[in-house]
1. With the calculation restricted to Cα positions, what are the radius of gyration and Dmax of the chain in angstrom?
2. Starting from a Cα-only point model with no solvent, please compute log10 I(q)/I(0) by Debye for the range 1-98 at q = 0.20, 0.22 1/Å.
3. Which order do you get for 272, 8 if you rank them by accessible area with a 1.4 Å probe, largest at the top?
4. Amide H to amide H, which residues 5 or more places from residue 78 or on other chains are under 5 Å from it, using H placed in the peptide plane?
5. Specify which residue in the list 198, 238, 182 is farthest towards the positive end of the charge dipole of the chain, using unit charges on the beta carbon of Lys, Arg (+1) and Asp, Glu (-1), about the Cα centre.
6. Only four residue types carry charge here, +1 at the Cβ of Lys and Arg and -1 at the Cβ of Asp and Glu. Report the dipole size of the range 225-379 about the Cα centre in Debye, rounded to the nearest 20.
7. Tell me the mean residue ellipticity at 222 nm calculated for the chain from its helices only (DSSP H runs of n ≥ 4, each -39500 (n - 2.57), averaged over every residue, nearest 500).
8. Express the relative contact order of the range 229-380 as a whole percentage, based on alpha carbon pairs under 8 Å and six or more residues apart in sequence.
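The values are calculated or read from the model by the stated rules, or taken from the named source; none is laboratory data. Keep in mind the model is a prediction, meaning the values are calculated, not measured. Cβ sites come from the backbone with ideal geometry, for glycine too, and all protein chains shown count toward neighbours. Ligands, DNA and RNA are excluded from the accessible area calculation, which covers all protein heavy atoms including side chains. Shrake-Rupley method; radii C 1.70, N 1.55, O 1.52, S 1.80 Å.
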Amino acid sequence: MIKAWRNVVWRELKRIWQFKPYLLILTILPLLSILLFIAIFSKGMPTDLPIAVVDNDNTPLSRKVINMIEATPETAVRYKVTSSHEGERLIRQGAAGAMVIIPANFERDILGMTPTNIGVYISGANILENGLISKGLQTSIATFSVGIKTEILTKQGVAKSQAITQAIPISIDRHILFNPYTNYSYYLLPSFLPMMILIFTVLSTIFAIGSELKYSTTEEWIRTAQGSITVALAGKLTPTITLMTMMAVVMSILLFEFVGVPLQGNIWILIVSCFMFILSYIAVAIFIIAITADMRLAMSLGGGYSVMAFSLSGLTFPAMAMHKTMQWFGHLFPFTYFTEIIIDQALRGAPIGNSLTQLSYMMIFLLLPLTTAHRLKQIINDKKYWGRA
């Protein structure tokens, strides 16, 4: 059996070399996608988002507000316009994410202790950009307001410490526990990169088996395995398992060494989870090709199933806020459990027991090929399934 397995592995390696798209799916494309996402999130957090300012007062205090807005890391005053219509045009064009309007008589009203308002118009088309700009503007304008209140109270004879207390009667003692840097690459890359690995794992597995059906070579494949479907599958999928595991190792090195994602938990749990993650999606791919017996249809279904995992995992929209049905559907993807493991062990430093539970859920997916073993044997041996697109 070991000799037969080696023969199937060698045969598969030759097929990988002959089919260039197969070779690309297993090597170049996963690596390029990993590097692409690392490059996209290299800054960690979006900064200097462009905004427009309409200064209808043009006084030292109005210029001070603009300077404070410019000083926040989230925003950059790229456009100083003369009218709200010009600022609106920049927002509609996507050149500016927000417009700040400082009213006329701004300084006079403040010095005369008359309430005044600063108008802020935020695009809102991009939720992330909207949140960051809102945060930057609120911080800068609130800081300016506190400074003015403190200065007025100080001039009235109140001690500076008391003036600050009166200006800010309640402050929030905020502690960010697991990502104090608010670094998006620390949160998104540990999910985006496994997403790429799972997509190429599913597609390469479906192609490996489906191409045998499409090109009517299953008889030769099984004969090389000495008639054993188990040996045939094991030998055929050994290159995929090996190469995708190597991609997972490269991904981990880049994440924790190059990008600098914190590793608060157990590295061995992550290693085992990566391997189980790959095996679970190989099992899913075998299930899909066995059910469809058609490589083209299986590739479409496999690709669709793969990308759905990201939306239902709760990364982009919190799972707890989804409809109960959608929360249930989220459990039909190994990616959901793997994401929990990598966040727990990388960022949270959670107990190993938490991750072992998620790991056991991933292992359930390994049973899928067993449910279609008879069907897979049938389509491999029955000529009516050969030669399909």
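1. 28.9, 97
2. With no solvent term, the Cα-only Debye profile gives -0.99, -1.08.
3. Correct descending sequence by accessible area is 272, 8.
4. When sequence neighbours closer than 5 places are left aside, the close amide H contacts are 51.
5. Most positive-ward Cα: 238.
6. Working: 6 positive and 4 negative charges, 79 e Å.
It works out to roughly 380 debye.
7. Only helices count here, giving -21000 deg cm²/dmol.
8. On the way: 134 pairs, mean separation 52.4, N = 152.
Normalised by residue count, the contact order of the range 229-380 is 35 percent.
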